[in-house]
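Visitor: What follows is a single structure, and I will ask about it in a moment.
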Amino acid sequence: MAELVPRLTERQATGVDPLPVEPAELAPRLLQALRREIRALPDDTRLLLLLAAADQYPVATHAFLRAVTAARIDTRPLEAAETAGVAHAGAGGVFFRDIWTRIAAYGTASPADRRAAHQLLGRVLGGKAETTRRSWHRGAAALGPSARLAAELRTAADRARAEGRPALARALAERAADLCPDPAEEARLLARAAADAWRSGEPDRARRLAARTDSSALNGVLALRAGDASEAFDALLTAAVRQERSADSAELLALATEAAVYTGDLRRCREAQVAAQRLGLPQSGVLAGLAAAVDGRYEDARLLLKGTAGRCGPGGEPGPLIHSGIAALMLGDHTRTVTATLQAAASARAHGNPATAAQAMEFRAYADFWTGRTRAAEAAVQEALRQAHATGQENGACHLQAALAMFAAVTGDEEACRERAAAVRSHALAHGLGLPAALAQWALAFLDLTHGRFPAAAARLRALAGFGPGHGHRAIRHLATPHYVEAAVRTGDTRVARAAHADYHHWATAVRSADDLALSARCRALLAPGAEAIPHYRTALDLHARGTRDFERARTELLFAGALRRLRQRTEARDRLQSALEAFESFGAPHCAAQARAELRALGTPSVPSSGADPAAVLTAQQLMVARMAADGATNREIADRLNLSPRTIDHHLRGVFSRLGIRSRIELVRLLGESP
């Protein structure tokens, strides 16, 4: 480890990023020492260790015990390995001290001995269910190119892929490419192996394999997930046109549209539509619906999205389930969004596809924000962020980071919001990502709005109209319209606010979402003078009661109460404010709760923080983690070391903890956390 750690990046050392494709290259001295240790063992012991190592990678084939029985190999020499602490034998076979020892046991053997080991293992795997594993060993035992073996391995890779085992499919396809005498078929096999490596969470290996091909489709997919989204669009569209009217062409065009949506570039969205028409491909599905929405064709968007949103059920493929969740999100069905994305993540994990599991969380985060589940969701997004980094999806990680910026804005953590938004903007600008850049900008605008900085909020939200790669995004600008109308009205710019509301109302009417119609009614109330606003607020709250955006419902009550107070309708204003205050406290939004308290004070009603609040409902996920460590007696420096943060950051978090919980000392913190469930 002393040799390995200095060769890792900080993100690899902390487990955020995966190790490189060939971790053995990171620790040559370690492996050299382990090989010396293996070579010091008797020949019979080394043979058994080689057989065990070959049986365990890339997948456990469970053939070791049958192999030694079939070959009548005496297993007593394993005692020498146990005495040396290299490995030990058990009921399930041989267990190595660690992965490095297994690598050394395999690498110490000669190529001829390794081939012989694979031949033996392949011979004993005769069952019908063992065909794929037998093919792997036959391929590993091959001495040189063989069209017959390459075809067998390709079939085995297809079978492993269909069974949801992309790691095994990658190994089989890569070995098939090594044995294939046909250069064109070799390139196709390498492309499949690279795609399998990507799905199984091996991004570095995927890129290495992709570099050996000239596949614009594959390079487009890799660019979509971790490169420049504009370049991804160009590569994917080119590949789709080359494939002409095949199923692959439709899938590639859908990915190209996804890249266009990520960029926020209207021109590219339209270009994808033109290509679909030219190729005779149907315009259906969530991506076509999103493109229609971005283009302002709201009725077309509703019809396309409605068809996709209904395709939600257990046992489905992760990709269509994610699309179903996105469609439901756009239509305002947040319950179905959460259900579909949870099913997508579960399906992805069941299929050995961790990369797609992280993608599902990108869009579930929007529903969690809107429905006020920020506390529970923040921890899930943090885990998805770690998974996105680990599987090489830097663009997805950027989108998740933007969601975390929005969560920080909702919970009033200004420093975290600004830090996350800055990180998002840096990556988004470099990779042409309009969607996360716009979401992060919206988070900053919402932070300004809820802190009373209305001109700044309005300016940020106006900037979302600057569509283009790495800048704004029409969909986010549209979703943020209710906040923009609020900020613009507070600054006196009602002309632009009315125009923005008109477009938003067109969308709300088209999709027939109770939540969107409620927010449209709230906008109309904000734009109405004096008492004319009251019926619009009541309409908004009636519609909110049929929707799921509870956080915005509380904000509507807050705004309604302010209007009632100005009209001297004090009793109803007080009731509305109390309801909003309780909601904000349950959501863990202290700055919004402070606004409600300020309105109550303006009514002459004293307000104090509610006592006995659950810390988990008031603190951010990271604040709660820091608070628990502090309550357990850890110093700021000890907490910083455990979380890989600076002591200054820990001090900032603790000050936020004390402020939100209304306490002044660690003694009170210990008492409060001791009482909480």
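The values are calculated or read from the model by the stated rules, or taken from the named source; none is laboratory data. This is a predicted model, so every value here is computed, not measured. Ideal geometry is used to build each Cβ from the backbone, glycine not excepted, and the neighbour counts take in all protein chains shown.
Visitor: Just give me the residues in segment 110-163 being closer than 26 Å to PRO203 by Cβ and surrounded by fewer than 16 Cβ atoms within 10 Å (Cβ to Cβ), in sequence order.
Guide: The answer is ASP158, ALA162, GLU163.
Visitor: Of the conditions (1) surrounded by 12 or more Cβ atoms within 10 Å (Cβ to Cβ); (2) under 42 Å from the mean Cα position of the chain (by Cα), ALA91 satisfies every one except a single condition; which number is it?
Guide: Among (1) surrounded by 12 or more Cβ atoms within 10 Å (Cβ to Cβ); (2) under 42 Å from the mean Cα position of the chain (by Cα), ALA91 violates only (1).
Visitor: Quick test for you: out of LEU172, LEU149, LEU120, pick the one residue that is in contact with an Asp or Glu (Cβ under 9 Å, 6 or more places away or on another chain) and either over 23 Å from LEU50 (Cα atoms) or modelled with pLDDT of 90 or more (or both).
Guide: When all the criteria are applied, what remains is LEU172.
Visitor: Still on this structure: Kindly indicate which of THR341, THR391, THR411 is surrounded by 22 or more Cβ atoms within 10 Å (Cβ to Cβ), within 26 Å of LEU449 (Cβ to Cβ) and among the hydroxyl-bearing types (Ser, Thr, Tyr). Show your work before the answer.
Guide: On the way: THR341 fails: within 26 Å of LEU449 (Cβ to Cβ); THR391 fails: within 26 Å of LEU449 (Cβ to Cβ).
From the options THR341, THR391, THR411, the qualifying one is THR411.
Visitor: Identify the residue in segment 443-482 that is among the aromatic types (Phe, Trp, Tyr) and at pLDDT 90 or above and, among all such residues, is nearest to ALA423 (Cα to Cα).
Guide: Step by step, filter segment 443-482, then rank; the result is PHE446.
Visitor: Moving to a separate point now. So which of GLY85, GLY92, GLY122, GLY107 is closer than 24 Å to GLU152 by Cα and either among the small types (Gly, Ala, Ser) or outside the structural domain of ALA142 (by TED's automatic domain parsing) (or both)?
Guide: GLY122
Visitor: Consider only pairs whose beta carbons are under 6 Å apart and that are at least six residues apart or on different chains; among these, list those whose first residue lies in segment 420-442 and is at positive phi and touching a residue at least 40 places away in the same chain (Cβ under 8 Å) and whose second residue is of a type in the set (Val, Ile, Thr) and in a helix (DSSP H, G or I).
Guide: GLY432/THR263
Conditions tested, residue by residue: (1) surrounded by 24 or more Cβ atoms within 10 Å (Cβ to Cβ); (2) polar (S, T, N, Q); (3) touching a Leu at 6+ places or on another chain (Cβ under 9 Å); (4) assigned to a loop (DSSP other than H, G, I, E, B).
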position	(1), (2), (3), (4)
LEU404	yes, no, yes, no
CYS417	no, no, yes, no
HIS427	no, no, yes, no
ALA438	yes, no, yes, no
PRO455	no, no, no, no
ALA458	yes, no, yes, no
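Visitor: Follow-up question, since we're still on this one. I'm told CYS417 meets every condition in (1) of a type outside the set (A, V, I, L, M); (2) in contact (Cβ under 8 Å) with a residue 60 or more places away in the chain; (3) over 30 Å from ASP204 (Cα atoms) except one. Can you identify the failing condition by its number?
Guide: It fails just one condition, (2).
Visitor: Looking at segment 524-568 only, could you name the residues that are among the small types (Gly, Ala, Ser) and in a helix (DSSP H, G or I)?
Guide: Within segment 524-568, ALA525, GLY530, ALA531, ALA533, ALA540, ALA554, ALA561, GLY562, ALA563 meet the criteria.
Visitor: Among the residues in segment 604-618, are any touching a Phe, Trp or Tyr at 6+ places or on another chain (Cβ under 9 Å) and either modelled with pLDDT under 85 or not assigned by TED's automatic domain parsing to the domain that holds ARG538 (or both)?
Guide: yes
Visitor: Out of all the residues in segment 505-524, which are under 29 Å from the mean Cα position of the chain (by Cα) and modelled with pLDDT of 95 or more?
Guide: LEU519 - this is the single residue of segment 505-524 that is under 29 Å from the mean Cα position of the chain (by Cα) and modelled with pLDDT of 95 or more.
Visitor: Sticking with this one: Can you tell me which residue within segment 204-229, out of those that are touching a residue at least 40 places away in the same chain (Cβ under 8 Å) and within 24 Å of ALA437 (Cα to Cα), is nearest to the chain's Cα centre (by Cα)?
Guide: Step by step, filter segment 204-229, then rank; the result is ARG225.
Visitor: Next question. Where in segment 146-245 are there helices (runs of 4 or more DSSP H), lying wholly inside it, with at least 2 residues that are touching a Phe, Trp or Tyr at 6+ places or on another chain (Cβ under 9 Å) and more than 30 Å from HIS399 (Cα to Cα)?
Guide: Qualifying helices (runs of 4 or more DSSP H): 147-162, 166-179.
Visitor: Moving to a separate point now. Would you point out which residue out of THR539, THR571 is within 23 Å of ALA598 (Cα to Cα) and among the polar types (S, T, N, Q)? Before the answer, list the steps.
Guide: Values: THR539 fails: within 23 Å of ALA598 (Cα to Cα).
Residue meeting the stated conditions: THR571.
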